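Before any comments, here is the structure.
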Amino acid sequence: MWKTYAYIISFLIVLVNTQIRAQEQPDDSVIIPLKIKAGIEVSGPVIYFTDKNILSTEGYISVDLNEKLAVYAGVGYSDFKYSQYNYSYLNKGIFIKAGVDFNMLKPEISMGKYWAGIGLRYGLSTFIAETPSFWYKNYWGTVLSSLGTSTRLGHFLEVSPGVRVELFRNFSIGWSVSLRRLIYSGTSKDLRPIYFPGYGSGAKPFSTGISYFMVFNIPFKKIKVEIKKEIPEETEETTETEDQISIQGK
Amino acid sequence: MRSFKTYIPGAIFAWTLAVMVSCTPGSCFEKTDALLTASFYRNDAGKLQPPDSLTLFGLKMDTNKIYNKTLNVQPALLPLNADTTSCSFVIRINGITDTMTFWYSSYPHLVSMECGYTFYHQLVDKPSVTDNIIDSVNIGNRNITTLDVENIRIYY
């Protein structure tokens with residue numbers, strides 16, 4: 001409910017601004033600035049202030065290839081600690097992501113300032129995990145054991161729809177929803193990682209998340225993009241009606 | 001753009017609340033005990049048939065019975081000791097007592113973040129059993145996990 005509220009606000013911003021822009025641009029083409037974008041994820045550090053057991057930071061650079069397509073490269077770091085009544089767990093690692101971003105807005109709407117689209121990424125994580133202690137209790141009594149430190153490498157795929165809005169000149173904010181599929185957790189199926197950097201719970205084959213970004217834009221080139229004008233269907237209908245009238249008249 | 005700025009505090013509040021709700025740890029609803037599943041068969045007919053009465057407990061654990069003159073047990077679920085490589089059970093079928101010993105290896109298995117770890121086992125040898133009422137014990141599936149799979153057949 002609350003997440004939806006945040007999404008709706010972002011969409012409204014894009015819609016309101018783009019409607020105004022679209023009305024202001026009667027030309028057949030628009031000038032779109034291509035940009036290098038450097039973004040940082042802000043929710044991870046904010047969460048760390050409230051919960052010192054999880055630190056997750058992420059940043060990315062994307063470079064516009066044209067008005068629709070950008071290449072993406074991201075890197076992140078996470079430090080995860082967890083404990084409950086029957087075990088404790090530590091995980092520290094880095095991840096990299098590479099992929100593309102597709103802007104689904106029309107050029108005359110996006111104007112190089114607004115982005116609403118989808119990102120497709122491949123993620124690779126390397127991490128050190130340890131279970132310093134765990135307890136198992138059954139009929140025969142309690143077994144206290146531990147799992148030593150091990151270094152692992154795993155990978156995943158991510159689909160990431162989202163929104164970016166230029167708030168000030170060359171500064172944008174936005175959010176992305178992440179839908180991830182774990183390809184390989186780097187461990188045997190018995191000891192899947194409780195946390196997987198860049199992915200989430202390594203015990204599950206799918207994970208979801210939401211990220212909030214601040215993005216700094218560096219324009220490096222301007223391109224002229226022709227606007228595809230829609231042919232109004234009403235004209236054909238009118239012509240047909242006129243033809244029918246003239247045939248009937250004859 | 002002016003109108004957008006008025007939404008920022010609301011959006012931040014909504015997001016913070018969403019994060020707090022979504023990060024609340026869940027409860028453990030999964031099965032966490034890997035138990036050896038033993039089915040009872042009549043030796044003469046070879047048919048699946050529960051004993052009329054079953055008493056079962058670990059050797060030297062007679063004060064803590066797993067089954068105590070329980071009727072129509074099918075299958076019986078036996079917990080193995082993850083701290084050792086073998087364990088013995090006293091089994092009393094229809095009032096006649098036998099002793100069974102299992103040899104196995106144990107290894108940790110993550111059930112889930114909410115439940116933590118358990119131990120899975122693998123039978124490494126055929127169980128030994130006295131033959132007062134039990135005729136033989138056959139291994140069906142060596143892997144003892146939280147799945148409901150028949151591991152051994154007890155013919156009596």
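The values are calculated or read from the model by the stated rules, or taken from the named source; none is laboratory data. All figures in this text were calculated on a predicted structure; none of them were measured in a lab. Every residue, glycine as well, gets a Cβ built from its backbone with ideal geometry; the counts of neighbours run over all protein chains shown.
Can you report the number of residues in the range B:42-60 which are over 19 Å from B:ASN138 (Cβ atoms) and touching a residue at least 12 places away in the same chain (Cβ under 8 Å)?
Going through the range B:42-60 one residue at a time, the tally reaches 6.
Kindly indicate whether any position in the range B:43-52 is within 17 Å of B:VAL149 (Cα to Cα) and part of a strand (DSSP E or B).
yes
Does the range A:185-192 include one or more residues that are buried (at least 20 other Cβ atoms within 10 Å of the Cβ), more than 14 Å from the chain's Cα centre (by Cα) and among the basic types (Lys, Arg)?
The answer is yes; a qualifying residue exists.
Considering the range A:63-87 alone, what residues qualify as being among the hydrophobic types (A, V, I, L, M, F, W, C) and away from chain B (no Cβ under 14 Å)?
Selection gives A:VAL63, A:LEU65, A:LEU69, A:ALA70, A:VAL71, A:ALA73, A:VAL75.
In the set B:SER88, B:SER128, which member is over 22 Å from A:LEU144 (Cβ atoms), hydroxyl-bearing (Ser, Thr, Tyr) and loosely packed, with under 15 Cβ neighbours inside 10 Å?
Testing whether each residue is over 22 Å from A:LEU144 (Cβ atoms), hydroxyl-bearing (Ser, Thr, Tyr) and loosely packed, with under 15 Cβ neighbours inside 10 Å leaves just B:SER128.
Out of the residues in the range A:153-184 that are crowded, with 21+ Cβ neighbours inside 10 Å and among the basic types (Lys, Arg), which is nearest to B:LEU110 (Cα to Cα)?
So the residue we want is A:ARG180.
Which residue pairs have Cβ atoms closer than 9 Å, lie 6 or more positions apart in sequence or on different chains, and pair a first residue in the range A:198-227 that is within 14 Å of chain B (Cβ to nearest Cβ) and within 24 Å of A:LYS37 (Cα to Cα) with a second residue that is among the basic types (Lys, Arg) and in a loop (DSSP other than H, G, I, E, B)?
That search, which allows pairs on different chains as well, returns nothing.
Hey, among B:VAL137, B:VAL73, which residue is part of a loop (DSSP other than H, G, I, E, B) and either within 12 Å of another protein chain (Cβ to nearest Cβ) or over 18 Å from A:TYR139 (Cα atoms) (or both)?
B:VAL73
Can you tell me how many residues in the range A:139-178 are closer than 20 Å to A:GLY44 by Cβ and part of a loop (DSSP other than H, G, I, E, B)?
Matching residues across the range A:139-178 total 0.
Assuming A:ASN170 fulfils every condition listed in (1) within 30 Å of B:ALA82 (Cβ to Cβ); (2) at pLDDT below 95 apart from one, which condition is it?
It is condition (1) that A:ASN170 fails.
If a residue must be more than 7 Å from every other protein chain (Cβ to nearest Cβ) and modelled with pLDDT under 95, how many such residues does the range B:102-123 contain?
3
Given the conditions (1) within 13 Å of the chain's Cα centre (by Cα); (2) in a strand (DSSP E or B), report the number of the one that A:ARG181 does not fulfil.
All conditions pass for A:ARG181, except number (1).
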